[in-house]
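See below for the structure under consideration.
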Amino acid sequence: MKAIVFYESKHGNTEAIAEAIVRGMKDGGIEDVLLMKLKTADEEDFKDRQLWVVGSPTHWGSTGFRLKTLLVNALKYEGEGKKAAVFDTRYQDMNRGSADKLVRIMAKWNVPVITEPEHFTVQTIRGPLVEGEEKRAEEYGRKIAKAALSA
Ligand SMILES: Cc1cc2nc3c(=O)[nH]c(=O)nc-3n(C[C@H](O)[C@H](O)[C@H](O)COP(=O)(O)O)c2cc1C
């Protein structure tokens, strides 16, 4: 199985989480994982990758416009038959974030989200991450791999 972990990160915290998720996925048995940042990604990067893991920082309770646009274009042209997992970074005790929007986008394009969306907490707008979040992200990567490989 080939996977892509597609993310946005302004201050590096979501990037650290995405990298940890990749480590966990590889540990869980998915070896071909393309780590792709919004800035350098395009729709072609999603092609022939059966599992799409998508995450971003929470901005104004949701996902940034550019990530949404690229993701929807990728779903339109490459989304059929794919599986997904989603995550975000956000402040402590926020009950709304980017991952909620990502779940709705995947549902609209009939792409099943195979694990519970996961949220990772930053201490301030620029970080750092709350202690232990990278370990939790590795664990989440292993969980995604298990769900994807057993489905
Ligand atoms: C313009 C802006 C709006 C934000 N709005 C929210 C918000 O509504 N809820 C929240 O939990 N965090 C909010 N944050 C904080 C982000 O969650 C935090 O900056 C992000 O997780 C850091 O990730 P990054 O280092 O990958 O950019 C906001 C940050 C910015 C820059």
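The values are calculated or read from the model by the stated rules, or taken from the named source; none is laboratory data. The shown structure was predicted, so the numbers you read here are calculated from the model rather than taken from an experiment. No Cβ is skipped: glycine too gets one built from the backbone with ideal geometry, and neighbour counts run over all protein chains shown.
Here are a few things to note about the model shown:
- If the condition is being over 20 Å from residue 2 (Cα atoms) and of a type in the set (Val, Ile, Thr), then segment 49-71 contributes 58, 63, 69.
- For residue 25, the criteria (1) within 15 Å of the ligand (Cβ to nearest atom); (2) under 17 Å from residue 139 (Cβ atoms); (3) in a helix (DSSP H, G or I); (4) touching a strand residue (DSSP E or B) at 6+ places or on another chain (Cβ under 8 Å) hold in every case but one, which is (1).
- The residues in segment 51-110 that are of a type in the set (Ser, Thr, Tyr), touching a Phe, Trp or Tyr at 6+ places or on another chain (Cβ under 9 Å), assigned to a helix (DSSP H, G or I) and surrounded by fewer than 24 Cβ atoms within 10 Å (Cβ to Cβ) can be counted, and the count is 1.
- Matching option when the condition is within 14 Å of residue 19 (Cβ to Cβ), of a type in the set (D, E, K, R) and part of a helix (DSSP H, G or I), among 146, 135: 135
- Subset tally (residues that are charged (D, E, K, R) and within 16 Å of the ligand (Cβ to nearest atom)) for segment 28-52: 2
- Residue that is nearest to the ligand (Cβ to nearest atom) [pool: residues in segment 78-111 that are farther than 13 Å from residue 61 by Cβ and either modelled with pLDDT under 95 or among the acidic types (Asp, Glu) (or both)]: 93
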